[in-house]
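Undergrad: The following block contains the structure, expressed as structure tokens.
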Amino acid sequence: MDDERFVDTDQQYHDRRGVVVRVTRYDRQERRIIFMRPDYPHPCCVPKWYFEKYFRKFEGKSEG
């Protein structure tokens, strides 16, 4: 089950403040999105419902 728990990805979204984050994984078991914020060394996570409500796909040019 551990192999199926996490779905790896590499996509950019922006939060409700406009900060672009890099989504790295989806945790199927806990139903949460795991992402990295710029200039912050640790992964962050939020419930899937929160992510769907407050984050939007980033369509602009990739930074860095």
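The values are calculated or read from the model by the stated rules, or taken from the named source; none is laboratory data. Because the structure is a prediction, the values reported are computed rather than measured. Backbone-built Cβ (ideal geometry, glycine too); neighbour counts: all protein chains shown. The protein model used for the area step is the full one, side chains on, heavy atoms only, and it has no ligands, DNA or RNA in it. Shrake-Rupley method; radii C 1.70, N 1.55, O 1.52, S 1.80 Å.
Undergrad: Can you find a residue in region 26-36 that is at pLDDT 95 or above, in a strand (DSSP E or B) and among the aromatic types (Phe, Trp, Tyr)?
TA: Looking through region 26-36, at least one residue is at pLDDT 95 or above, in a strand (DSSP E or B) and among the aromatic types (Phe, Trp, Tyr).
Undergrad: Something else about it: Against the condition in contact (Cβ under 8 Å) with a residue 24 or more places away in the chain and part of a loop (DSSP other than H, G, I, E, B), how does GLN12 come out, does it pass?
TA: No, not satisfied.
Undergrad: Inside region 34-64, can you point out the residues that are more than 18 Å from THR9 (Cα to Cα) and surrounded by 13 or more Cβ atoms within 10 Å (Cβ to Cβ)?
TA: TYR54
Undergrad: Give the number of residues within region 15-30 that are of a type in the set (S, T, N, Q) and either open to solvent by less than 60 Å² (accessible area, probe 1.4 Å) or free of Cβ contacts under 8 Å to residues at least 24 places away in the same chain (or both). First the steps, then the outcome.
TA: Step one: of region 15-30, the residues of a type in the set (S, T, N, Q) are 24, 29.
Applying the additional criterion that residues be either open to solvent by less than 60 Å² (accessible area, probe 1.4 Å) or free of Cβ contacts under 8 Å to residues at least 24 places away in the same chain (or both) yields 24.
Counting residues in region 15-30 that are of a type in the set (S, T, N, Q) and either open to solvent by less than 60 Å² (accessible area, probe 1.4 Å) or free of Cβ contacts under 8 Å to residues at least 24 places away in the same chain (or both) gives 1.
Undergrad: Condition test on TYR50, is it of a type outside the set (A, V, I, L, M, F, W, C), in a helix (DSSP H, G or I) and out of contact with any Lys or Arg (no Cβ under 8 Å at 6 or more places or on another chain)?
TA: yes
Undergrad: Report, ordered by the first and then the second residue, all pairs with beta carbons closer than 7 Å, sequence separation of six or more or different chains, a first member in region 31-57 that is closer than 14 Å to VAL20 by Cα, and a second member that is in a strand (DSSP E or B) and open to solvent by 100 Å² or more (accessible area, probe 1.4 Å).
TA: Matching pairs, first to second residue: PHE35/ARG22; MET36/ARG22.
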